[in-house]
Amino acid sequence: MSGTAVADAAGLGTIEIKAMKDHGYDAEFSVGITAASSILGPIIPPSLPMVLYGIQANASIGQLFAAGIIPGLLLAACLMVMVSYFAHVRGYDRDAAFRLSELVLQTKRAFLPLMTPVLLIGGMRIGAFTPTEAAIAAVVYALFLGVFVYRSLSFRALAKVSIETVEITAVVLLIVAGSEIFGWLITTTKISEQIVDLVLAVTEKPWLILLLVNIFLLFVGLAMEPVPCILILTPILLPLMEKIGVDPIQFGVIMTLNLCIGLLTPPVGIIVFILGRIAGISFEQATKAVMPFMVPLLVTLGLVTYWPEMVLYLPTLWYR
């Protein structure tokens, strides 16, 4: 619902880690799976990084949202397999037996909040509103649920959330303004064209160029947040991707997943730092706990990079 990995980790981590520890899971495992699964936030719509990429790349935000659905579900499936493996190896007990009646009951309880992404994608798909209008509709819908349906959002809480939203939006817009100036300089000095020529002088093989770009983005993600990385690097890397025939929509998913993985790795690793504090373990322990879950993340990244039909299936089906 938040569209950012850090918000998902910080907001839900407190609840999830406590619940897992209370049910017998060790702190390291709880931090590892919570950190890895937070990456789903920016992949499955709505997604703040994809919106910013769409603005910079002049790409359809609706198509970007649609492109993230299958990779997001694939990543979720890979993480489930990883959890099942650790549960069997470490002998974690089942919490409760599966019951269809319980599944139906919980689905009914969660139905209205789960309609938020349906409202976003469905509204843009049928042409009811633009991406900007979709965001407004989602906010109004969330306010309606919080104030009138669940009665969990007081006036004081609403004021606090509004102030925090204004602060975050102001910071993002300042970064966007700076990136526009940077993009203009890149266009004027033709730096992107020089980078394209430089890379193509080394190799013209698309698979190798994609591998090098992935490695570069992973290293950049070690030290920088996804938002400034997307705003700064999109004007530089997108011409290279278009030159080798990579669809801008696919590259948006590649870049988002790459940079979000960087949130789990030192020296920055802000998600690991937050969850380590919540679980009461050191940054080093939290980092070590996350490392096994890099396997499904990197496997998914490889599939997103080299299987464009999977990424572009829904955008093609719905928009093209």
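The values are calculated or read from the model by the stated rules, or taken from the named source; none is laboratory data. Bear in mind that the values here come from a model prediction, so they are computed numbers and not experimental data. Cβ: placed from backbone, ideal geometry, glycine included. Neighbour counts: every protein chain shown.
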**Report entry** Odd one out for residue 19 among (1) of a type in the set (Gly, Ala, Ser); (2) surrounded by 20 or more Cβ atoms within 10 Å (Cβ to Cβ); (3) free of Cβ contacts under 8 Å to residues at least 24 places away in the same chain
**Finding:** (2)
Report task. Taking the residues in the stretch 49-68 that are assigned to a helix (DSSP H, G or I) and more than 15 Å from the chain's Cα centre (by Cα) as candidates, determine which candidate is modelled with the highest pLDDT. Result -> 63
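From 94, 109, grab the single residue that is surrounded by fewer than 19 Cβ atoms within 10 Å (Cβ to Cβ), part of a helix (DSSP H, G or I) and basic (Lys, Arg). Steps first, answer last, please.
On the way: 94 fails: part of a helix (DSSP H, G or I).
Only one candidate passes the filter, namely 109.
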Query raised in the report: Can you find even one residue in the stretch 114-126 that is over 22 Å from residue 300 (Cα atoms) and in contact with a Lys or Arg (Cβ under 9 Å, 6 or more places away or on another chain)?
Result: no
Requested in this report: Read through the list (1) at pLDDT below 80; (2) closer than 20 Å to residue 23 by Cα; (3) touching a Phe, Trp or Tyr at 6+ places or on another chain (Cβ under 7 Å); (4) of a type in the set (A, V, I, L, M), then give the number of the only condition that residue 82 fails.
Outcome: (1)
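Being of a type in the set (D, E, K, R) and modelled with pLDDT of 80 or more narrows it down to one of 151, 94, so name that one. Steps first, please.
On the way: 94 fails: modelled with pLDDT of 80 or more.
Being of a type in the set (D, E, K, R) and modelled with pLDDT of 80 or more holds for just one of 151, 94, which is 151.
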Query raised in the report: touching a Gly at 6+ places or on another chain (Cβ under 6 Å) and within 29 Å of residue 317 (Cα to Cα): does that describe residue 248?
Result: no
Query raised in the report: What are the residue pairs meeting all of these: first residue in the stretch 257-278, first residue over 21 Å from residue 213 (Cα atoms), second residue of a type in the set (Lys, Arg) and crowded, with 23+ Cβ neighbours inside 10 Å, Cβ atoms under 6 Å, and 6 or more apart or on different chains?
Result: none
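Listed here are the residues, each with its yes/no results for (1) of a type in the set (Lys, Arg); (2) free of Cβ contacts under 8 Å to residues at least 40 places away in the same chain; (3) outside any helix (DSSP H, G or I); (4) at negative phi.
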residue	(1), (2), (3), (4)
119	no, yes, no, yes
135	no, no, no, yes
138	no, no, no, yes
147	no, yes, no, yes
151	yes, yes, yes, no
169	no, yes, no, yes
Report summary line: Note on residue 223: of the conditions (1) of a type in the set (A, V, I, L, M, F, W, C); (2) assigned to a helix (DSSP H, G or I); (3) modelled with pLDDT under 75, unmet is (2)
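Taking the stretch 215-231 on its own, how many of its residues are of a type outside the set (Gly, Ala, Ser), over 18 Å from residue 57 (Cα atoms) and out of contact with any Gly (no Cβ under 6 Å at 6 or more places or on another chain)? Reasoning before the result, please.
At the first step, the residues of the stretch 215-231 found to be of a type outside the set (Gly, Ala, Ser) are 215-220, 222, 224-231.
In the following step, the residues that additionally are over 18 Å from residue 57 (Cα atoms) were identified as 215-216, 218-220, 222, 224-225.
Next cut, out of contact with any Gly (no Cβ under 6 Å at 6 or more places or on another chain) only: 215-216, 218-220, 224-225.
The qualifying residues number 7.
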Report summary line: Here the qualifying pairs (Cβ atoms under 6 Å; residues six or more apart or on different chains; first in the stretch 100-115 and within 25 Å of residue 46 (Cα to Cα); second modelled with pLDDT under 90) come out as 112/145
Query raised in the report: Since residue 42 meets every condition but one in (1) part of a helix (DSSP H, G or I); (2) crowded, with 23+ Cβ neighbours inside 10 Å; (3) out of contact with any Cys (no Cβ under 6 Å at 6 or more places or on another chain), which condition does it not meet?
Result: (3)
**Report entry** Subset of the stretch 1-29 [small (Gly, Ala, Ser), closer than 22 Å to residue 135 by Cα and part of a loop (DSSP other than H, G, I, E, B)]
**Finding:** 2, 3
Query raised in the report: Out of all the residues in the stretch 45-83, which are hydroxyl-bearing (Ser, Thr, Tyr) and within 17 Å of residue 116 (Cα to Cα)?
Result: 47
Query raised in the report: Could we say that residue 65 is of a type in the set (Phe, Trp, Tyr) and surrounded by 20 or more Cβ atoms within 10 Å (Cβ to Cβ) here?
Result: yes
Query raised in the report: Does residue 215 satisfy the criteria of being touching a helix residue (DSSP H, G or I) at 6+ places or on another chain (Cβ under 6 Å) and of a type outside the set (Gly, Ala, Ser)?
Result: no
Report summary line: Given the conditions (1) surrounded by fewer than 17 Cβ atoms within 10 Å (Cβ to Cβ); (2) under 27 Å from residue 271 (Cβ atoms); (3) at pLDDT below 85, every one holds for residue 215 apart from (3)
Requested in this report: Quick one: count up the residues across the stretch 268-280 that are buried (at least 21 other Cβ atoms within 10 Å of the Cβ) and either polar (S, T, N, Q) or out of contact with any Ser or Thr (no Cβ under 9 Å at 6 or more places or on another chain) (or both).
Outcome: 1
